[in-house]
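Here's the structure we're looking at; comments come further down.
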Amino acid sequence: MNPDKQDKNAYTGKASGRQCWESPSNIALVKYWGKYPGQIPMNPSLSFVLKESVIRICIDYDIKPEYSFKLTGFELNGQQNEGFARRIESFLTGIQTHFLFLKHARLKITSESTFPHSAGIASSAAAFSALALCLCSIEAKQLGTNTKNREFLQKASFVSRLGSGSACRSLYDGMVLWGESEFIHESSDEYAVRLDNERVHSDFYTLRDAILIIDDGTKPVSSSEGHALMHQHPFREVRKQQAHGNLKKLLLALSGGNKKLFCEIVENEALSLHSLMMSSNPGYLLMKPNTIHAIDVIRRFRVSTNIPLCFTLDAGPNIHLIHFEEDRQAVRELVQNELKDFCKEGKWIDDSMGNGPKQF
Ligand code: DP6
């Protein structure tokens with residue numbers, strides 16, 4: 001199903017104004033790795049959004065029938081950002097069939113991120129979901145439709161995906177699934193869906209993420225390059241099966257409140273993702289020595305205390321230490337006493353599961 005149900009005759013005339021959204025980053029527990037043309041994922045992924053790691057975007061728009069599309073400005077944290085501006089311009093050009101007004105729009109985009117400066121955290125999920133929400137709001141205003149309904153968020157997720165795959169999972173609170181899975185009938189490769197509350201034990205709404213900034217430098221291999229290497233990967237088919245299997249187990253852990261199984265799957269996904277990178281052709285390593293030291297400490301701490309905590313990694317060296325609200329103090333002490341030493345200039349972010357995007 002394509003959530004893009006716009007009436008092709010809806011665009012008529014002039015409009016101008018401003019739409020603003022704040023949208024979060026998300027952390028995947030089952031990883032999206034590898035994609036087909038059109039940003040269709042090779043396997044389903046599951047994540048939750050963060051509270052502190054967000055981007056706020058405003059689009060000032062001016063639409064006139066005689067205009068043709070133009071991005072008149074793009075600013076990130078008060079500064080021009082050429083690299084990001086080009087990516088956004090090509091995104092906006094590519095999605096004009098989904099928003100007829102875009103063909104006649106002049107847009108000025110300003111954005112502000114709350115991510116600490118050069119934290120080494122991917123901001124594209126937050127940025128593309130916020131952008132998609134602003135565009136959907138401009139459209140809703142023109143068509144006089146509601147921004148609170150299911151279709152609105154579904155289209156925003158669909159459009160976000162076209163900017164960056166993982167962005168489509170930033171639209172909802174709770175646990176969010178992107179990619180077709182036989183276990184969730186409403187799941188789709190084209191947009192993400194929120195898991196119903198009855199599928200998730202209440203403990204999992206208290207998840208926290210202590211983000212350890214091991215390194216904040218530029219990565220030697222980007223996520224896009226990594227996804228591309230999956231096409232010829234010798235383990236590609238096995239990886240797809242593994243992701244479906246891990247999703248099944250994670251869904252069981254979530255519904256049954258099984259924290260031990262949850263931790264096992266989350267770590268297996270993180271290490272599998274990095275093994276896929278190492279066994280790509282050419283192979284590469286994004287973990288740093290301090291990533292491994294920190295993993296070792298986290299695992300020893302879990303064994304000695306029985307506290308259910310686990311690590312996950314995105315396509316980079318930084319560690320997301322996933323834990324529950326009730327263990328927040330113990331984790332703070334672990335970070336302060338042992339893990340901070342492995343972080344670049346002692347940097348870490350005390351984040352938690354968030355409530356999803358907000359219009360402002
Ligand atoms: C390792 O969504 O950044 O974080 O679709 O090319 O923009 P593009 O890739 P991106 O890939 C994220 C990969 C990951 C795992 C995940 O978030 O599921």
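Where a number appears in this text, it was derived from the coordinates with a stated rule and is not lab data. Nothing here was measured: the structure is a model prediction, and the numbers come from that model. Because the Cβ atoms are built from the backbone with ideal geometry, glycine has one as well, and the counts that use them run over all protein chains shown.
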Subject >> Global form of segment 112-264, assessed from the alpha-carbon gyration tensor, a/c cut-off 1.5 >> reply: rounded
Original post:
In nm², what is the average projected area of the convex hull enclosing the Cα atoms of segment 208-352?
Top reply: 8.8 nm²
**OP:** Quick one, can you get me the convex hull of the C-alpha atoms of the chain expressed as volume per residue in Å³?
**Re:** 130 Å³
Original post:
Could you give the nm distance between label points at residue 304 and residue 260, where each point is 7 Å from its Cα heading toward the beta carbon?
Top reply: 2.1 nm
Original post:
Separation between the residue 219 and residue 296 pseudo-spin-labels, each 7 Å from Cα along Cα→Cβ, expressed in nm?
Top reply: 2.5 nm
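Between residue 90 and residue 279, what is 0.36 nm times their sequence separation minus the Cα-Cα distance? Round to one decimal in nm.
64.9 nm
Would you please classify the overall shape of segment 147-216 from the alpha carbon gyration tensor, given that a ≥ b ≥ c denote the square roots of the eigenvalues, rounded means a/c under 1.5, and beyond that prolate means a/b larger than b/c while oblate covers the rest?
Oblate, since a/c reaches 1.5 and b/c is not below a/b.
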**OP:** Can you spot the aspartates and glutamates whose alpha carbon is less than 17 Å from residue 14's alpha carbon? Ignore those fewer than 8 places along the same chain.
**Re:** 60, 62, 66, 139
**OP:** Please report, in whole Å, how far the alpha carbons of segment 15-198 spread along each principal axis, starting with the longest.
**Re:** 49, 37, 30
Subject >> Neighbour count of at most 14 Cβ within 10 Å plus DSSP loop: longest trypsin sites (Lys or Arg not before Pro)-free window in the chain >> reply: 149-360
**OP:** Return the lysines within reach of residue 248: Cα separation strictly under 20 angstrom, same-chain partners fewer than 8 residues apart disregarded; answer none if there are no such residues.
**Re:** 31, 240, 259, 260
Original post:
Given the pairs 108/344; 70/148; 70/155, which are separated by over 27 angstrom at their Cα positions?
Top reply: 108/344; 70/148
**OP:** Averaging over all projection directions, find the projected area of the Cα convex hull of segment 58-160 and quote it in nm² with one decimal place.
**Re:** 6.8 nm²
**OP:** DSSP loop (so not H, G, I, E, B), at most 16 other Cβ within 10 Å: list which chymotrypsin sites (Phe, Trp or Tyr not before Pro) in segment 200-240 pass both filters.
**Re:** 235
Original post:
Taking the Cα-to-Cβ direction at residue 199 and at residue 82 and moving 7 Å from each Cα, how far apart do the two end points lie in nm?
Top reply: 4.5 nm
Original post:
Of the GluC sites (Glu not before Pro) in segment 47-150, which ones lie in a loop per DSSP and count no more than 16 other C-beta atoms within 10 Å?
Top reply: 66
**OP:** Kindly list the residues of segment 75-93 that lie in the label zone of residue 69, defined by a backbone N under 14 Å from the point 7 Å along the Cα-to-C-beta vector.
**Re:** 86-93
Original post:
Within the chain, which complete DSSP H helices have Cα atoms spanning at least 27 Å along the helix axis and a mean Kyte-Doolittle hydropathy of -1.0 or higher?
Top reply: 124-143, 236-256, 259-278
**OP:** Run down the aspartates and glutamates and flag those whose C-alpha is under 16 Å from the C-alpha of residue 51, throwing out any fewer than 8 positions away in its chain.
**Re:** 22, 112, 173, 209, 325, 350, 351
